[in-house]
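Data first, discussion second: the structure below is written as structure tokens.
The values are calculated or read from the model by the stated rules, or taken from the named source; none is laboratory data. Computed from a predicted model, the values in this text were never measured in an experiment. Reconstructed Cβ throughout: ideal geometry from the backbone, glycine too, with neighbour counts over all protein chains shown. Ligands, DNA and RNA are excluded from the accessible area calculation, which covers all protein heavy atoms including side chains. Shrake-Rupley method; radii C 1.70, N 1.55, O 1.52, S 1.80 Å.
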Amino acid sequence: MTPHAGPPAPGATRTTVIGLMSGTSCDAVDAAAARITRDGHELRLTPLGMVSEPYDDELRHLLAAALPPGRTDLADVCRLDTRIGQSFARLAVRADRELCAGRAELIASHGQTVFHWADGGVVHGTLQLGEPAWIAEATGLPVVSGFRTRDVAAGGQGAPLVGLIDRMLLRGRPGVPAALNVGGIANATVLAPDGTPAAFDSGPGNALLDAAARHLTAGRLDRDTDGRLAARGTVHGPLLDRLLAEPYYVLPAPKTTGRELFHAGYLRTALDAVGPLSDPDVLATLTRLTARTVADALRPFGVTEVLASGGGTRNPVLMAELRQQLGAAVRLRTSDALGLPSAAKEAYAFAVLGYLTLHGLPGTLPECTGAEGPRVLGSLTPGRTPLRLPTPLTQAPRTLRVTPAPPAPPAPWP
């Protein structure tokens, strides 16, 4: 493997970072590479591309069996921690080779959340698997990981952690902009006209949709691709009303949830209570639920623009439903409008969080997570060379601007 120079020398303003992410859909690993440049109060992020790989069938089944409401043991936890770490490591090596020409300087790994211990609106702990030593060993690069735990230790929700990045992206936009990510769980950040942010998980994104597809097709389908089943169905009022009665939705922000609540067993209980429904009607109702709970959560803030990202943006039926629920006065676009690919937005966000940690800067906002104060996030695993940290920055960036990568040079004349 091509030798690496290690982290940037003190005073350097540009760092090439690979962000690794597997979200609450628990089906694949995404790697997004970025060149991050500091210029006074501004960070400039230049996307270098994204690669993604699904978990293999054995790992996916092991992970699905261990997630709530399933039961597991420490032997399976060890296997998962190792296998997930190795999956992240393989993709990091590929991303460095294909996207960075072997010149990446830092890996920021979110890991795979397997349990978020929330009870009564308070988060007591969180667990992400994917041992970073495998990534550091395979790439030779330092790895920042374990982002959520420090925020929880400081009294925060530990999620959503992209609030700071979203505020930097949204700052300066007119009206009341919001950043929305629709993964397994949907989360949003809203920026008030005075610059005050709010962030929260609104509820299920794709989690119940995917659980329904698996349950209703006896495992033949993992998801309702392009919303094809939902498009053929009709929303069932009694099922929707039952689902909307979930107490989580009326909790104040900041708040977080996950598959610990919105899982297959939760869905089966609701379906059993309303009697038999056609598969399309179930999917249509769950699609409405996701769109409705997002819109209900955003409405009190007077949001005027929503910039969406995540796997849910690839579902045209969900996006159409979300547009209808938000209303004509709210402009709905994807984060691609800002130059940030919607499929990789969260991986890029964690690349920025890794950059901030490397430079000694906080990655959280108390307004967004409820923590006692801003905190530098994560733990740092050294790479193959001696660890050389840059001089800590004393000035936190205020804005994040996405800049296009320069065009590749033309191929030489044959």
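So what is the relative contact order for region 185-260, in percent, with contacts set as C-alpha pairs under 8 Å and at least six apart?
Over region 185-260, the number comes to 35 percent.
How large is the accessible surface of I107 in square angstrom, using a 1.4 angstrom probe and rounding to the nearest 10?
0
For region 232-255 and region 128-159, what is the separation of their C-alpha centers, rounded to whole Å?
Cα centroid to Cα centroid, the span is 33 Å.
Could you provide, to the nearest whole Å², the per residue accessible area of the chain with probe 1.4 Å?
On a per-residue basis, the chain sits at 42 Å².
Which residue, S87, S109, S202, tops the fluctuation ranking in a GNM of the chain built on C-alpha contacts under 10 Å?
S87
Based on the alpha-carbon gyration tensor of region 246-315 and its eigenvalue square roots a ≥ b ≥ c, which shape applies: rounded if a/c is under 1.5, prolate if not and a/b is larger than b/c, or oblate?
prolate
Kindly sort H61, H359, H236 by accessible area of their heavy atoms, largest first, with the probe set to 1.4 Å.
Most to least solvent-accessible, the answer reads H61, H236, H359.
Under the rule a/c < 1.5 gives rounded, and otherwise a/b versus b/c splits prolate from oblate, where does the chain land using the Cα gyration tensor?
prolate
On the accessible surface of region 321-394, probed at 1.4 Å, how many percent belong to carbon and sulfur atoms?
With neighbouring chains kept in place, the figure for region 321-394 is 54 percent.
Which order do W134, W117 take by accessible area at a 1.4 Å probe, largest first?
The ranking, largest first, comes out as W117, W134.
If you take every residue apart from P252 with its C-beta less than 13 Å away from the C-beta of P252, what net charge results, scoring Lys and Arg +1 and Asp and Glu -1?
-1
Among T46, T225, T269, what's the order by accessible area (1.4 angstrom probe), most exposed first?
I get T269, T225, T46, largest accessible area first.
How big is region 333-390 on each of its three principal axes, counting only the C-alpha atoms and giving the largest first in Å?
The Cα atoms of region 333-390 stretch 44, 32, 15 Å along their principal axes.
Can you give the accessible area of L191 in Å² (nearest 10), computed on protein heavy atoms with a 1.4 Å probe?
Near enough 10 Å² of accessible area.
Any idea of V77's accessible area? Nearest 10 Å², probe 1.4 Å.
40
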